[in-house]
Amino acid sequence: PYALDTLALPEVNPWNAWLRTSALDFFADGRAAVSTYGGDVWIVSGIDDDLDELRWRRFAAGLFEPMGVRVIDGLVHVTCRDRITRLHDLNGDGEADFYERFFHDRDVTSNFHAFNFFLQTDGYGALFYAKSGQYTDFARPGAILKVSPDGAHHEVYCTGLRTPNGMGMSPDGRPLVSDNQGNWIPASKISLARPGGFYGVFKAINTNAPGKQTRSDFDQPVVWMPQGLDSSSGGQLWVDDERFGPLSGRYLHTSFGKGWMYGLVIDEREQGAVWRLPFQFDAGLQRLRVNPRDGQVYTVGLSGWQGPDRGADGCLQRVRFTGGGAPILTGARAHQLGVELDFSAPVQVDPDGDLARYAARRWNYRWTRDYGSAH
């Protein structure tokens, strides 16, 4: 009951700007703010059912590798490698002419892997973003920072992350964070973060080597994902708009490595299940948001280190509920004797049918300094 729509990028533009789309958010009227890896922010208007009169306007340029965007009180906030920048259009000409340093991140490095990822807010207006861990020389690698609503103060919310390219926000205000296989990370995973949590990766003295183990435990994720399902994770989204159909009131997850989107559930035990939706996106997905104008889910991403085969440099795409009644998987939970699945509509199941269509596997992962883990 869902369709995938593509919003065309202005690949030919007056600035010869390379649109490797990195993050997005929406204004209350449905316009989108889209950042690019190269340092631009574009405003996209004309987003409607048909998508045949899109208008892109470059709003800002020269930002330091932005990887997160949030529109707060009508102003665009951008997560850069050196700060959160708040953009102002003082003369109303459609271009930002004042780049305000909303929050100055003094933990800056020129290391190639040292990104600041995403930008989320909780119900109290606090801002959250995640710093890379492995292959960086940050003073506080692999941490989620929580910034006060006025940008004046911050704290380290949790630590032990490797490459937390994806974040989300739970309905109760706790950030979700994904991570990718590597040293001390057996496989890609999604965690429901807690204040003071530690998520398994130790700080390294040598940026090219795994960190030395200093403790014997870490906070467990809600779900591990084998490499064939998600080789490099993007962000998560709690869909709170009923117009999105049977997947509303639930989480979605994305993969930068595969260019896929997934349904995601987390139960009261903080254990989860994840399943792929039947779409192949044009690039590796990083960010996703609900457009308040139409209640549908939009996503952006890029291709580079990973991404789908022959992936595009960037993409802006929409997953749209068509209103159809075809069944779709909406939930899953573990029981002592099996796994129970929820569907949005009745499905035909023949218990005596072709059992070769069904399979189950289980495995253990090992938490070691090695790069990833075998099953």
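Points worth noting:
- Summing +1 for each Lys or Arg and -1 for each Asp or Glu among the other residues whose beta-carbon sits under 14 angstrom from that of GLU11 gives -1.
- Positive minus negative residues near ASN291 (Lys, Arg vs Asp, Glu; Cβ under 15 Å): -2
- Across LYS131/LYS212; LYS131/LYS189; LYS146/LYS203, pairs whose alpha-carbon gap is larger than 22 Å: none
- Dipole of the range 165-308, positive direction: furthest Cα of GLN227, PRO246, VAL265, with charges on the beta-carbon: GLN227
- Theoretical FRET efficiency, 1/(1+(r/R0)^6), r = Cβ-Cβ of TYR358 and ASP50, R0 35 Å, to 0.05: 0.30
- Portion, in percent, of the accessible area of the chain that falls on carbon or sulfur, probe 1.4 Å: 48 percent
- At R0 = 25 Å, FRET efficiency that the Cβ-Cβ distance of SER373 and ASP219 yields, to 0.05: 0.90
- Amide H contacts of SER232 (H built 1.01 Å from N, under 5 Å, at least 5 apart or other chain): PHE256, GLY257, LYS258
- When the charge dipole of the range 244-375 is built from unit charges on Cβ atoms (+1 for Lys and Arg, -1 for Asp and Glu) and taken about the Cα centre, the candidate among GLY372, GLY314, GLY353 whose Cα reaches farthest toward its positive end is GLY314.
- Backbone N under 19 Å from the THR109 label point (7 Å along Cα→Cβ), restricted to the range 151-166: 156-166
- Note on the range 265-375: with charges restricted to the Cβ of Lys and Arg (+1) and Asp and Glu (-1), its dipole about the Cα centre is near 400 debye.
- Exposure of ILE43 as accessible area (Å², to 10), given a probe of 1.4 Å and all protein chains: 20 Å²
- Annotation: THR6 carries an accessible surface of approximately 80 Å², with a 1.4 Å probe and no ligand, DNA or RNA atoms counted.
- Placing +1 on the Cβ of every Lys and Arg and -1 on the Cβ of every Asp and Glu, with nothing else charged, gives the range 105-185 a dipole about its Cα centre of roughly 140 debye.
- For log10 I(q)/I(0) by the Debye sum over Cα atoms at q = 0.08, 0.12, 0.15 Å⁻¹, calculated from these coordinates, the label among (i) -0.39, -0.89, -1.39; (ii) -0.69, -0.99, -1.22; (iii) -0.44, -0.88, -1.22: (i)
- Stretch gain in nm, segment ARG194-ASP241, where the contour uses 0.36 nm per residue and the Cα spacing is subtracted: 14.4 nm
- Measuring between their Cα centroids, the range 164-225 and the range 76-146 lie 20 Å from each other.
- Table column - 3J(HN,Hα) (Hz), the range 115-129, Karplus curve with 6.51, -1.76, 1.60, x for Gly and Pro: 8, 10, 9, 6, 7, 10, 10, 9, x, 9, x, 5, 10, 10, 8
- The residues of the chain expose, per residue, 46 Å² of accessible area to a 1.4 Å probe.
- The chain, relative contact order [Cα under 8 Å, separation at least 6], %: 14 percent
- DSSP bridge pairs, the range 21-176: antiparallel proportion in percent, nearest 5: 100 percent
- The alpha-carbon of LYS258 sits under 19 angstrom from the alpha-carbons of these aspartates and glutamates, leaving out residues fewer than 8 places away in its chain: ASP5, ASP179, ASP230, ASP282, ASP309, ASP313.
- Computed 3J(HN,Hα) for the range 64-72, one whole-Hz value per residue from the Karplus formula 6.51 cos²θ - 1.76 cosθ + 1.60 where θ = phi - 60°, is 8, 6, x, 10, x, 9, 9, 8, 10, glycine and proline marked x.
The values are calculated or read from the model by the stated rules, or taken from the named source; none is laboratory data. A quick note: this is a predicted structure, and the numbers were derived from the prediction, not measured. Quick reminder, even Gly has a Cβ in these numbers, built from the backbone with ideal geometry, and neighbours come from all protein chains shown. Ligands, DNA and RNA are excluded from the accessible area calculation, which covers all protein heavy atoms including side chains. Shrake-Rupley method; radii C 1.70, N 1.55, O 1.52, S 1.80 Å.
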